[in-house]
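Remarks on the structure that follows.
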Amino acid sequence: MNLKKLKPVHWIYNLIHYKAIRHNREAYRKYELNKPLIASVSSRDFPDKESKAWLDLGDSRSLAPLKPVFAAFPGPVQEKILSWSDNGYMIIEKLFSEETIDKINDEIDLLIRKKKLNFNSSHKLLFANRKSAFIKSITKDPLLHAVLEFILDKEVVAFQTINFFMGSEQRAHSDSVHMTTYPLGYLIAAWIALEDTNSENGPLFYYPGSHRLPYLLNNDFNEGETALTLGKKNYDDYENRIETLLKQNPFEKKSFHAKKGDVLIWHANLVHGGSPIINPALTRKSMVIHYYAKDVIKYHEITERPSLLQDE
Ligand SMILES: O=C(O)CCC(=O)C(=O)O
């Protein structure tokens with residue numbers, strides 16, 4: 001028996017990390033989830049599976065200009081906010097300067113040299129924001145923060161940063177199965193180009209409009225769950241289901257050929273991934289920051305574990 005499939009193993013893990021799951025306490029109360037914080041949590045605990053984010057319930061073109069702060073954004077950013085409900089993503093060109101990006105790259109190199117940051121088995125460098133005050137400050141960039149909080153109409157907190165040296169080659173997925181919220185729709189990500197990307201170095205790909213697909217959660221691809229064990233299916237089964245969904249709903253596939261300093265912001269349910277690396281000699285340095293709205297329930301649908309969040 002795979003220990004990772006045993007819920008009691010997760011409960012012990014959650015208990016050990018109790019401080020980092022306390023962020024859910026208020027939200028459990030607010031959304032009337034009557035469970036201990038250390039218990040497994042999944043979409044099966046909740047009454048609905050639709051986003052409650054205001055720009056999913058209504059259209060950004062009519063709603064966004066009604067908020068006085070909208071007028072404070074630069075004109076080009078306003079345009080992108082207006083298309084959010086249709087697109088589920090936006091690109092802000094050169095949000096970060098060359099100098100800032102160089103500093104990020106230097107900082108990541110330093111963290112690696114000092115062995116404070118290590119590649120995991122998927123070639124990812126996780127949580128540089130917890131190791132470096134400078135990287136943490138990037139997650140709080142004022143314009144980026146203002147845009148994210150406007151889109152969600154809630155305060156946001158950075159859950160994690162992931163740095164890549166090479167393209168991820170990750171299959172198509174939506175982040176909502178990895179970083180799930182109740183209500184749905186309250187995760188948002190910012191992907192920062194730390195160098196230019198092109199068709200050779202495994203650029204990010206995404207499907208505009210795919211955020212409107214139904215959220216694919218445990219009940220849709222997993223089965224055989226019991227009170228003590230997780231369902232029998234695994235992440236490959238999830239990715240296969242997404243592939244099938246994309247075949248049934250042919251969205252246009254776009255690749256992000258970014259310039260250093262460009263940022264792509266994506267919706268909680270936008271389907272995206274990493275293209276194949278055509279030239280393995282090329283790096284594709286990037287940093288993605290995943291943010292949660294602060295006052296919602298935050299967890300990982302597949303393993304049913306509450307997300308671990310450090311104090312900001
Ligand atoms: O950077 C990439 O290639 C993919 C990143 C991604 O899928 C994610 O962070 O959710």
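What 222 nm value per residue comes from the helices of the chain, counting each DSSP H run with n ≥ 4 as -39,500 (n - 2.57) and dividing by all residues, nearest 500 deg cm²/dmol?
Working: 13 runs with 97 residues, N = 312.
Computed ellipticity for the chain at 222 nm equals -8000 deg cm²/dmol.
Among Val69, Val157, Val77, which one moves the most in a GNM of the chain with springs linking Cα atoms closer than 10 Å?
Val69
In the stretch 169-271, which trypsin sites (Lys or Arg not before Pro) are in a loop and have at most 11 other Cβ atoms within 10 Å, using DSSP for the loop call?
On the way: sites: Arg171, Arg212, Lys232, Lys233, Arg241, Lys247, Lys253, Lys254, Lys259, Lys260; in loops: Arg171, Lys232, Lys233, Lys253, Lys259, Lys260.
Filter output for the stretch 169-271: Lys232.
What is the Å³ per residue value for the convex hull set by the Cα atoms of the stretch 125-208? Walk me through the numbers on the way to the answer.
On the way: hull volume 10.8 nm³, N = 84.
About 129 Å³ per residue, rounded to a whole number.
Restricting attention to the stretch 103-198, which chymotrypsin sites (Phe, Trp or Tyr not before Pro) occupy a DSSP loop and are surrounded by at most 14 other Cβ atoms within 10 Å?
none
For Asn105, what is the net charge nearby, where nearby means another residue's Cβ is under 10 Å from its Cβ and Lys, Arg count +1, Asp, Glu -1? Please list the in-between numbers first.
Numbers: positive: Lys103, Lys260, Lys285; negative: Asp102, Asp106, Glu107, Asp109, Glu195.
Net charge around Asn105: -2.
How much of the pair distance distribution for the stretch 63-222 lies past 24 Å, counting alpha-carbon pairs only, in percent? If you can, show how the numbers build up before the last one.
Details: 5445 of 12720 pairs.
For the stretch 63-222, the share of Cα pairs beyond 24 Å comes to 43 percent.
I want the local charge near Lys80. Using Cβ-Cβ distances under 14 Å, sum +1 for each Lys or Arg and -1 for each Asp or Glu among the other residues.
That works out to -2.
So which GluC sites (Glu not before Pro) in the stretch 100-161 pass both tests, a DSSP loop state and at most 16 other Cβ atoms within 10 Å of the Cβ?
Numbers: sites: Glu107, Glu149, Glu155; in loops: Glu155.
Answer by residue number: Glu155.
Just tell me which aspartates and glutamates come within less than 20 Å, Cα to Cα, of Lys103; anything on the same chain fewer than 8 places away is out.
Those aspartates and glutamates meeting the cut-off are Glu93, Asp141, Glu195, Asp196, Asp262.
Relative contact order, percent, of the chain when contacts are C-alpha pairs under 8 Å separated by at least 6 residues?
Details: 587 pairs, mean separation 96.0, N = 312.
With pairs under 8 Å counted, the relative contact order is 31 percent.
Scale the Cα Rg of the chain by the rule-of-thumb value 2.2 N^0.38 Å and send over the ratio, two decimals.
Details: Rg = 19.1 Å, N = 312, 2.2 N^0.38 = 19.5 Å.
Dividing the Cα radius of gyration by 2.2 N^0.38 Å gives 0.98.
Express the carbon and sulfur contribution to the solvent-accessible surface of the stretch 13-57 as a percent, rounded to the nearest whole number, probe 1.4 angstrom. Walk me through the intermediate numbers first.
Working: 1480 of 2690 Å².
Its accessible area is 55 percent carbon and sulfur atoms.
Using θ = phi - 60° and the Karplus form 6.51 cos²θ - 1.76 cosθ + 1.60, what ³J(HN,Hα) does each residue of the stretch 230-247 get, whole Hz, x for Gly and Pro?
Couplings: 6, x, 7, 7, 10, 5, 4, 5, 4, 4, 4, 5, 5, 4, 4, 4, 5, 5 Hz.
What number do you get for the stretch 142-276 when its Cα radius of gyration is normalised by 2.2 N^0.38 Å, N = residues? Provide the component values of the computation, followed by the final result.
Numbers: Rg = 15.9 Å, N = 135, 2.2 N^0.38 = 14.2 Å.
After normalising by residue count via 2.2 N^0.38 Å, the value is 1.12.
State whether the stretch 22-110 is rounded, prolate or oblate according to the following rule on the C-alpha gyration tensor (a ≥ b ≥ c being the square roots of its eigenvalues): a/c under 1.5 gives rounded; otherwise a/b larger than b/c gives prolate, and the remaining case gives oblate.
On the way: a/c = 2.79, a/b = 1.32, b/c = 2.11.
Oblate, because a/c is 1.5 or more while a/b does not exceed b/c.
For the stretch 36-53, take each phi angle, set θ = phi - 60°, evaluate the Karplus expression 6.51 cos²θ - 1.76 cosθ + 1.60, and give the result in whole Hz per residue in order, putting x for glycine and proline.
Once θ is set to phi - 60°, the couplings for the stretch 36-53 become x, 4, 7, 6, 5, 9, 8, 4, 5, 7, 10, x, 8, 10, 10, 5, 10, 5 Hz.
What number comes out for accessible area per residue over the chain if the probe is 1.4 Å? Units Å², please.
Here the residues of the chain average 46 Å² of exposed surface.
Springs between alpha-carbon pairs under 10 angstrom, Gaussian network model over the chain: which of Pro250, Pro68, Pro203 fluctuates most?
Pro68
The values are calculated or read from the model by the stated rules, or taken from the named source; none is laboratory data. As the structure is a prediction and not an experimental result, all values here were calculated from the model. With ideal geometry, Cβ positions are generated from the backbone for all residues, glycine too; neighbour counts draw on all protein chains shown. We work out accessible area using only protein heavy atoms, side chains counted, and drop any ligands, DNA or RNA first. Shrake-Rupley method; radii C 1.70, N 1.55, O 1.52, S 1.80 Å.
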